[in-house]
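Since every read-out is calculated from the coordinates, none of them should be taken as a lab result. Since this is a predicted model, take the numbers as computed values, not measurements. All Cβ positions, glycine included, derive from the backbone under ideal geometry; neighbour counts span all protein chains shown.
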Amino acid sequence: MVQEFDPFNFTAVQPGTADEFHALTGPYQRQLLVHCYRILGSLDDAEDALQETLLRAWRRLDTLKEPGSLRAWLYKIATNTSLDMLSSRKARGLAPAFYAPADPADALLGPVTEDIWLQPLPDETLVGNQPGPEAQVEAHESISLAFLAALQQLPGKQRASLILRDVLDWNAQETAEMLGLSLAAANSALQRARATLKKNQEAERSAFRQPAHDPQASRLLTRYMQAWQAADAPGLAALLREDAILSMPPLPAWYLGRAAIRAFFEKHLFVEGAAGIFKVLATRANASPALAVYQQAGGAGQPFRPASLQVLNLQGDQIQRVDCFLTSDEKLFTRFGLPVSL
C-alpha cells in the first residue's frame, strides 16, 4: 500500500499552523511527487524534491496572493526544485542507454552503484491523481519506463516544458512563467523536446495503451510467472518477441533478442536445481504489468526473500521488454506494499 508522504514535521517549525498547511498542500502532495518523479526519473530523488518543495512553500506562504492559484504555485516550486536537483545529478536511464548489449556467454560484471538508474514507480501512486478515464490513460502513458527513459535524454528545461504542456496541460504562458523563460524560449524548448522524444520513443508507442485488466495480457503474465517458478528458460523465451530486451539494473549487462535472453537464463540463472527456488507475485509498476520475484537461499525450508521487481512491456501476445530491478534489501518491495518474505 502506498503511504501518504509526510516529509516534514511543520509543528516543530511554527506550532499551531501545521494543520492549516497540511490542509492546503495535502491534496496535491501525491501528484507533486509524481511530477518530480517524471522530471528526475527516481522515486528517491522525487521524495527529496517533494520535501524541499514543501519546505520552500512553507517559507514563502506569504507570497501566495491568490488562493485559487495554489496548485500552479506549488507546481512552479516543485518544477524549479527538481530542475535545481538535476544540475547536480547524472542523467538516469536503463542499461541500453549506457552500454552495448552483452554476450550471454560472458561472465556477469558487478553492479554499477552510481545513481544512474531509473527507478520503478508503483501504479498505486497514480490513484486519485486524475479525475476521468481519458485523463488517467494519459497519465499512465506518461509514466511508462519507455517515456521516462526518453525524457531523461532531454535537457532539464526541455524536459520540464514537455511535461508541463503535454502531460499536465498547462498553457504556453503558464509554462513560460513557471520556467522563468520568455514565451518564445518556452515554445522553442517544447518543440525541440517533442522532436527529440518522437525520434527516441516511436518504437515504444504501441505498448503505452496496454489496459491494466486486458485478458490477453493476464494470460501472458500467468504463463510468464509459471515459467519463472519452473525455472523454464525455453518456456520463458517462447513468450518473448524476437527482438526482446532484458535489462537488470544495477548490472550493466543487458541482452538483445530472444536467443540471447534464453542463453542468459540457461547459463546464469535457470541452472540445474533452480526449479522451485523462485516464487513470484503479480503487481503493477509504471502503468505496466510487473512481477515480484522471490528467491530461496539456504535450501529447503528456508524463506523466500526479495530478488527482483520486473516491469514488463507487452506488445500483443508477446513480451517486448523486461526491466528487472535487482534488489539486495527490502526497501523496493516495501515501497510496492509487497511482503518481504514468503
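Taking amide H positions as placed 1.01 Å from N in the peptide plane, with prolines and chain starts having none, which residues 5 or more places from Ser308, or on another chain, fall under 5 Å of its amide H?
Amide H neighbours of Ser308: Val293, Thr327.
If the cut-off is a Cα-Cα distance under 24 Å, which lysines reach Lys65, setting aside same-chain residues fewer than 8 apart in sequence?
Lys76
Can you figure out the FRET efficiency of Gln295 with Gln216, using R₀ = 45 Å and their beta-carbon distance, to the nearest 0.05?
Rounded to the nearest 0.05, the efficiency is 0.95.
Along region 234-244, what does the Karplus equation 6.51 cos²θ - 1.76 cosθ + 1.60 (θ = phi - 60°) give for ³J(HN,Hα), rounded to whole Hz, x for Gly and Pro?
So the J values, rounded to whole Hz, are x, x, 5, 4, 5, 8, 8, 5, 4, 9, 4.
Charges on Cβ only, +1 for Lys and Arg, -1 for Asp and Glu, centred on the Cα centroid of the chain; of Ala100, Met85, Pro215, which one is farthest towards the dipole's positive end?
Ala100
Quick check: pseudo-label points 7 Å beyond the Cα along Cα→Cβ at Ala72 and Ala282, how many nm apart are they?
4.4
Using helices alone, what [θ] at 222 nm do you get for the chain, with -39,500 (n - 2.57) per DSSP H run of 4 or more residues, divided over all residues and rounded to the nearest 500?
The helix-only estimate for the chain comes to -12500 deg cm²/dmol at 222 nm.
If R0 is 30 Å, what FRET efficiency do you get for Gln315 and Ala172 from their C-beta distance, rounded to 0.05?
Step by step, r from the Cβ atoms, then E = 0.30.
Which is the longest run of the chain containing none of the GluC sites (Glu not before Pro) found in DSSP loop states (not H, G, I, E, B) with at most 16 other C-beta atoms within 10 Å?
Maximal segment without exposed cleavage sites: 115-271.
Using modelled backbone amide H atoms (1.01 Å from N, in-plane), which distant-in-sequence or interchain residues come within less than 5 Å of Trp117's amide H?
Gly93
Would you mind checking Lys90/Lys331; Lys199/Lys267; Lys198/Lys331; Lys90/Lys199; Lys157/Lys331; Lys90/Lys279 for any pair whose Cα atoms are more than 25 angstrom apart?
Lys199/Lys267; Lys198/Lys331; Lys157/Lys331; Lys90/Lys279
Glu330 to Ala238: extension gain in nm, 0.36 nm per residue of separation minus the Cα-Cα distance?
Numbers: separation 92, 0.36 × 92 = 33.12 nm, distance 3.11 nm.
Difference between extended and current length: 30.0 nm.
Just the C-alpha atoms of the chain: what Rg/Rh do they give, with Rh taken as the Kirkwood radius?
0.99
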